[in-house]
Amino acid sequence: MDAIVPGSDADRLDPLEIPTLCPGAMAASQPWGASPDHQKALGFPGELVDDWQNVAIAKMGELLEKNRALRVYLDSCVKCGACTDKCHYFLGTGDPKNMPVARQDLLRKVYRRYFTFTGKYFPGLVGAEELTKEVIDDWYSYFHQCSQCRRCSVFCPYGIDTAEISMAGREILDAIGKGQKYCNEIIGKVHTIGNNLGLNKNALRSTLEGLEEDIEDDIGVPVKLPLDVKGADILLVTPSADFFAEPHVDGLIGYAKVFHAAGASWTISSYASEAANFGMFIGSYEQMRLISLRIREAALDLGVKRIVFGECGHAWRVAYSFLNTLAGPFDFLDQRYPIPQHICEYTWDLIQKGALEFDKSKNDHIRLTYHDSCNVARATRMGDQPGGQFEIPRAILKTVCNHYFDMAQDTIRDQTFCCGGGGGLLTDELMDIRKKGASPRMKALKTVAEDHGVTHMAAICAICKTQFAKVMPDWGFERDSILSVHQLVSNAIILQKPKQENDDDR
């Protein structure tokens, strides 16, 4: 199916418009395979194992024992149709296998064949299928066309979580030697160096020192970005994109200005400089655990009292939902504060206390909307009130910006669309599915731009920011129309310049 051409009549359609069915349209879309070295570094076979069918079935059995929810999800679907049109990839491609129920069935049919009585003896009655190489190819294609965003689960009357099924499918693929290059290579870098980019300690220190110089040149205030400071109160763990790319780095500068204004003692760790946890994308709780343990070890080594996470959607999901289970207990931290804490929670708390001062007019050149990043929206909370993950970022934006407008209600908050690049899909060979998957969100953005003159969109996810910078130009927006929330905070915050000595003072 061809992508919708911006500027045509089609781009004015409702983001929820059901597409024409195009069976098999995305069957050929696959990520590059992981090299043997990338696989072996994570404890997976370097290539497809000889007895791959037996290994895959055994791995499925292991996952069914470990994760009771997975079995419930595979057993409970009644094909009601509530989820069929909820996936942004189905809306963008028309491929029926991108309907959440159909994507689930890729695994469910094999599960029924080998793990249910009816499927073993009367497979035709329940749609059970043998595990063949053709099935494996379908898994590799379509489980990498799921961004694990969980939008479908919001509408499922049984609460079936397609993301968990996609994660299980990917873990089985890794177990037989058929892993994805993008995710597995990145995880290896975190294990050996500490971040997704492979930035060593010296490169990270040089980057932070350069940013300090840029900030002081810009505003005349010596804002620091400390590294490996033992005894600091706060450990900031942020996505490594914040260290080098726009608009991410402007968000990092915003965090630093907030810490500076609050007089906070804080640091970044060179050992655990990465908040992102791609272990979730490949469905491996063991990899999630190993990456999470680096953060625990850094916190203990530096003797911090609090852990604050920067703007990264799935990093916050892993931190909020799994950090204590995978790497806890964190009884050595100050129990008066959330463990862990999101940077938006930290900033909003200071705003409520009147500890930060802003000049909102500094953002008057921007007419703004906000994209709820899916992992934050549907898998976490912020603050002590239900829905804080929706309201706190918006409250911050309205504090620092005079012109704010929400997109249509059925495309935001818990019903938000994914950016199209999440779940381990943010790689160039998947650009086609990324662009098609972004189309529902971009249609909603086009509508609010036409109705209210919106020029920019803010987000608190590193993947969202990277993805939108790629796809926005196709829809008539500039690459820099996507912003970090703390980039807007950085623009508006007022910091006191140090007093200049004169001759009399000396």
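Among the helices (runs of 4 or more DSSP H) lying completely within the range 130-202, list those that include at least 2 residues that are touching a Leu at 6+ places or on another chain (Cβ under 7 Å) and of a type outside the set (Asp, Glu). Don't jump to the end; show me each part of the working.
Working: elements: 133-142, 151-155, 162-175, 181-192.
Helices (runs of 4 or more DSSP H) meeting the threshold: 133-142, 162-175, 181-192.
Would you tally the residues in the range 33-62 being of a type in the set (Asp, Glu) and closer than 22 Å to residue 280 by Cα? First the steps, then the outcome.
Looking only at the range 33-62, we keep the residues that are of a type in the set (Asp, Glu), and these are 37, 47, 50-51, 62.
So of that shortlist, the ones also closer than 22 Å to residue 280 by Cα come out as 37, 47, 62.
Counting residues in the range 33-62 that are of a type in the set (Asp, Glu) and closer than 22 Å to residue 280 by Cα gives 3.
Could you check the range 356-403 and list, in sequence order, the residues that are part of a loop (DSSP other than H, G, I, E, B), among the hydrophobic types (A, V, I, L, M, F, W, C) and within 19 Å of the chain's Cα centre (by Cα)? Give the derivation first.
Step one: list which residues in the range 356-403 are part of a loop (DSSP other than H, G, I, E, B), which gives 356-357, 359, 364-367, 371-373, 380-387, 401-403.
Then drop every residue that is not among the hydrophobic types (A, V, I, L, M, F, W, C), which leaves 356, 366, 382, 401.
Within the range 356-403, 382 is the sole residue that qualifies.
Could you run through the range 413-469 and say how many residues are of a type in the set (Val, Ile, Thr) and outside any loop (DSSP other than H, G, I, E, B)?
Going residue by residue through the range 413-469, those that are of a type in the set (Val, Ile, Thr) are 416, 427, 433, 447-448, 454-455, 460, 463, 466.
Keeping just the survivors that are outside any loop (DSSP other than H, G, I, E, B) gives 433, 447-448, 463, 466.
The number of residues fulfilling the criteria is 5.
How about the range 387-410: which of its residues are surrounded by fewer than 23 Cβ atoms within 10 Å (Cβ to Cβ) and either more than 16 Å from residue 344 (Cβ to Cβ) or of a type in the set (Lys, Arg) (or both)?
Across the range 387-410, the qualifying residues are 394, 398, 402, 403, 405, 406, 408, 409, 410.
Do any residues in the range 398-418 that are more than 19 Å from residue 483 (Cβ to Cβ) have Cβ atoms under 7 Å from those of residues that are modelled with pLDDT under 95, where the two are at least six apart or on different chains, and which pairs are they?
Between residues of the range 398-418 that are more than 19 Å from residue 483 (Cβ to Cβ) and residues that are modelled with pLDDT under 95, the close pairs are 410/16.
If you go through the range 225-234 one residue at a time, do you hit one that is in a helix (DSSP H, G or I) and closer than 21 Å to residue 302 by Cβ?
The first filter runs over the range 225-234 and keeps only residues in a helix (DSSP H, G or I), leaving none.
Scanning the range 225-234, I find no residue that is in a helix (DSSP H, G or I) and closer than 21 Å to residue 302 by Cβ, so the answer is no.
Conditions (1) on the phi < 0 side of the Ramachandran plot; (2) aliphatic (A, V, I, L, M); (3) surrounded by fewer than 20 Cβ atoms within 10 Å (Cβ to Cβ); (4) modelled with pLDDT under 95, marked per residue:
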| residue | (1), (2), (3), (4) |
| --- | --- |
| 3 | yes, yes, yes, yes |
| 18 | yes, yes, yes, yes |
| 23 | yes, no, yes, no |
| 36 | yes, no, yes, no |
| 39 | yes, no, no, no |
| 50 | yes, no, yes, no |
| 65 | yes, no, yes, no |
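Can you find a residue in the range 217-230 that is among the charged types (D, E, K, R), under 19 Å from residue 347 (Cα atoms) and assigned by TED's automatic domain parsing to the domain that holds residue 264?
Looking only at the range 217-230, we keep the residues that are among the charged types (D, E, K, R), and these are 217-218, 224, 228, 230.
After this cut, where a residue has to be under 19 Å from residue 347 (Cα atoms) as well, the list is 224.
Pick out the ones that are also assigned by TED's automatic domain parsing to the domain that holds residue 264 and you get 224.
Looking for residues that are among the charged types (D, E, K, R), under 19 Å from residue 347 (Cα atoms) and assigned by TED's automatic domain parsing to the domain that holds residue 264, one finds at least one in the range 217-230, hence yes.
The values are calculated or read from the model by the stated rules, or taken from the named source; none is laboratory data. Owing to the predicted nature of the structure, the values given are computational and were not obtained by experimental measurement. Quick reminder, even Gly has a Cβ in these numbers, built from the backbone with ideal geometry, and neighbours come from all protein chains shown.
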